[in-house]
Amino acid sequence: MRPYTGTCWKLPDAVSSDQLIGPAHVFDFEAETLRKHLLEEIDPRIAAEAKPGDILLAGRNFAQGSNHSHPFIAMKAMGLGLLCRSISRGPYRLTIFMGVPILTITGEIYDALEHRDRIEVDFTTGEVTALETGTTFQAEALPPHLLDIVKAGGGFEHAKAQEQDQKPL
């Protein structure tokens with residue numbers, strides 16, 4: 001997996017799942033529709049301006065509340081990666097299952113990066129680099145089995161690939 005290089009979109013602590021994509025879109029599953037609404041209550045510029053390779057930098061308790069796949073469908077469609085101080089088990093699993101690369105980071109990394117910084121993140125090694133300053137930080141990399149799911153494009157794609165590998169010739 002190649003490193004993600006792009007703009008850092010810094011978010012505060014305690015962004016709820018309903019703030020990621022509002023409840024009005026709970027029955028939408030089309031990625032192109034969902035991506036238009038990602039974080040629109042917090043910063044509508046993200047949905048309009050974010051590009052593949054950009055990174056959402058979240059504080060503590062990211063995606064708290066109800067577990068919805070919608071925000072992660074949108075993130076994948078937009079080609080975004082995710083760095084967060086903390087995230088509960090349900091949203092973490094959804095992030096991986098939907099094929100969005102994620103690293104849990106320290107407060108030092110979160111505090112050192114600013115909104116709109118240019119950064120590079122290598123999800124295979126856990127290396128996070130602030131491109132303006134050249135400062136490099138180390139986060140714990142994704143475990144190989146989870147990285148395989150993300151590389152495949154998500155849980156369904158990974159399962160299909162595993163099934164293909166199991167079929168006799």
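Counting just the residues of the range 120-169 that are over 21 Å from Tyr92 (Cβ atoms) and among the hydrophobic types (A, V, I, L, M, F, W, C), which one comes out farthest from the chain's Cα centre (by Cα)? The selected residue is Leu169.
Table: residues versus (1) surrounded by 17 or more Cβ atoms within 10 Å (Cβ to Cβ); (2) of a type in the set (Gly, Ala, Ser); (3) within 20 Å of Glu127 (Cα to Cα).
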position	(1), (2), (3)
Asp18	yes, no, no
Phe27	no, no, no
His37	yes, no, no
Arg45	no, no, no
Ala48	no, yes, no
Gly53	yes, yes, yes
Ala63	yes, yes, no
Ser66	no, yes, no
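For the range 111-126, the criterion of being out of contact with any Cys (no Cβ under 6 Å at 6 or more places or on another chain), closer than 23 Å to His37 by Cα and aromatic (Phe, Trp, Tyr) is met by none of the residues. As a summary of the residue check, Thr124 satisfies the conditions (1) in a loop (DSSP other than H, G, I, E, B); (2) touching a Ser or Thr at 6+ places or on another chain (Cβ under 6 Å); (3) among the β-branched types (Val, Ile, Thr) except for the one numbered (2).
Which residues, taken from the range 68-88, are part of a helix (DSSP H, G or I) and surrounded by fewer than 24 Cβ atoms within 10 Å (Cβ to Cβ)?
We begin by selecting, within the range 68-88, every residue part of a helix (DSSP H, G or I); these are 70-78.
Passing the criteria: Lys76, Ala77, Met78.
If the requirement is being under 20 Å from Gly53 (Cβ atoms), crowded, with 16+ Cβ neighbours inside 10 Å and either at pLDDT below 95 or among the β-branched types (Val, Ile, Thr) (or both), which of these qualifies: Thr95, Thr136, Thr125? Talk me through it step by step, then tell me what you get.
Details: Thr136 fails: crowded, with 16+ Cβ neighbours inside 10 Å; Thr125 fails: crowded, with 16+ Cβ neighbours inside 10 Å.
Just one listed residue meets the conditions, Thr95.
Within the set Arg89, Arg118, Arg93, the sole residue that is basic (Lys, Arg) and in contact (Cβ under 8 Å) with a residue 12 or more places away in the chain turns out to be Arg118. Glu114 satisfies every condition listed in (1) modelled with pLDDT under 95; (2) over 27 Å from Asp148 (Cα atoms) except (1).
The values are calculated or read from the model by the stated rules, or taken from the named source; none is laboratory data. Predicted model, so just to flag it, every value in this text is computed and none were measured. FYI the Cβ positions are ideal-geometry reconstructions off the backbone, even for glycines, and counts take in every protein chain you see.
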